[in-house]
1. Just to be sure before I move on: is Leu11 in contact with a Phe, Trp or Tyr (Cβ under 8 Å, 6 or more places away or on another chain) and either at pLDDT 95 or above or in a loop (DSSP other than H, G, I, E, B) (or both) in the structure I sent?
2. Looking for something touching a residue at least 40 places away in the same chain (Cβ under 8 Å) and in contact with a helix residue (DSSP H, G or I) (Cβ under 7 Å, 6 or more places away or on another chain) - is there at least one such residue anywhere in segment 86-100?
3. When segment 117-141 is examined, which residues are found to be of a type in the set (Val, Ile, Thr) and within 14 Å of the chain's Cα centre (by Cα)?
4. Which of (1) touching a helix residue (DSSP H, G or I) at 6+ places or on another chain (Cβ under 6 Å); (2) farther than 22 Å from Arg27 by Cα; (3) surrounded by 18 or more Cβ atoms within 10 Å (Cβ to Cβ) is the odd one out, the single condition Leu50 does not satisfy?
5. From (1) over 23 Å from Ile36 (Cβ atoms); (2) under 14 Å from the mean Cα position of the chain (by Cα), pick out the condition that doesn't hold for Ala103.
6. Do we have any residue at all in segment 80-97 that's closer than 22 Å to Leu159 by Cβ, at pLDDT 95 or above, out of contact with any Cys (no Cβ under 8 Å at 6 or more places or on another chain) and among the β-branched types (Val, Ile, Thr)?
7. In segment 128-147, which residue that is charged (D, E, K, R), surrounded by fewer than 21 Cβ atoms within 10 Å (Cβ to Cβ) and in contact (Cβ under 8 Å) with a residue 60 or more places away in the chain is nearest to Asp170 (Cα to Cα)?
8. Could you identify the single residue in Val35, Val106, Val100 that is surrounded by 15 or more Cβ atoms within 10 Å (Cβ to Cβ) and within 29 Å of Gly208 (Cβ to Cβ)?
Amino acid sequence: MQDILRYFPDLSAEQQTQLAALDGLYRDWNAKINVISRRDIDNLYTHHVLHSLAIAKAIRFRAGSCVLDIGTGGGFPGIPLAILFPDVHFCLIDSIGKKVRVAAAVAESIGLANVTTAHCNVVEHKDKYDFVVSRGVMPLPDLARLVRKNIAREQRNALPGGLICLKGGDLQAELQPFRRAAEQWRIADFFPDIPFFDTKQVVYVALGVGR
């Protein structure tokens with residue numbers, strides 16, 4: 001939690017309270033449903049919450065935007081982002097029902113009125129959004145094919161609508177099909193003194209506005 005406060009010093013008292021509540025909530029749910037590796041639960045704030053918030057260092061979603069989080073699991077990156085952007089609507093979906101139930105319960109427990117959840121596969125989900133976010137659920141070309149239908153044509157953010165992923169490792173092959181439609185940011189540049197982020201990136205692929 002200290003790292004989050006260090007890198008996001010302008011959080012409101014309500015946002016700090018919501019973030020602080022995540023530890024107890026996820027520990028409680030993890031005892032019943034394994035949504036985070038039990039070996040990793042002590043690293044919740046660095047490996048899951050701060051990792052999710054790296055997206056906010058790459059783009060500031062404007063009020064009124066809508067964001068789809070696919071393969072959300074227990075709510076990452078959607079729930080931390082929803083805390084940070086209370087004026088943005090987040091829809092969290094996953095094909096595993098018990099994980100979606102955890103995400104919904106956590107969002108309700110901390111009073112996130114800007115979150116909805118759905119137990120479904122992205123293939124079935126037809127609604128439109130400004131952006132789709134995800135935490136490395138599949139190779140970028142495959143993911144882009146699946147979510148292109150979900151990107152709204154209107155542009156209301158600094159970046160055109162598209163896909164924003166948290167990825168790791170060498171991404172040259174995955175990014176090759178997108179050429180100039182893609183951008184990358186090293187998470188280690190946002191959070192420079194945390195070795196966990198040395199090989200991790202935020203990747204954006206434009207899929208809207210003429211794409």
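The values are calculated or read from the model by the stated rules, or taken from the named source; none is laboratory data. This is a predicted model, so every value here is computed, not measured. Neighbour counts run over all protein chains shown; Cβ positions are idealised from the backbone, glycine included.
1. Here the answer is no, as Leu11 does not meet what is asked.
2. no
3. Thr117, Val132, Val133, Val137
4. Failing condition for Leu50: (2).
5. The single condition Ala103 does not satisfy is (1).
6. Yes, segment 80-97 contains a residue that is closer than 22 Å to Leu159 by Cβ, at pLDDT 95 or above, out of contact with any Cys (no Cβ under 8 Å at 6 or more places or on another chain) and among the β-branched types (Val, Ile, Thr).
7. Step by step, filter segment 128-147, then rank; the result is Arg135.
8. So the residue among Val35, Val106, Val100 that is surrounded by 15 or more Cβ atoms within 10 Å (Cβ to Cβ) and within 29 Å of Gly208 (Cβ to Cβ) is Val100.
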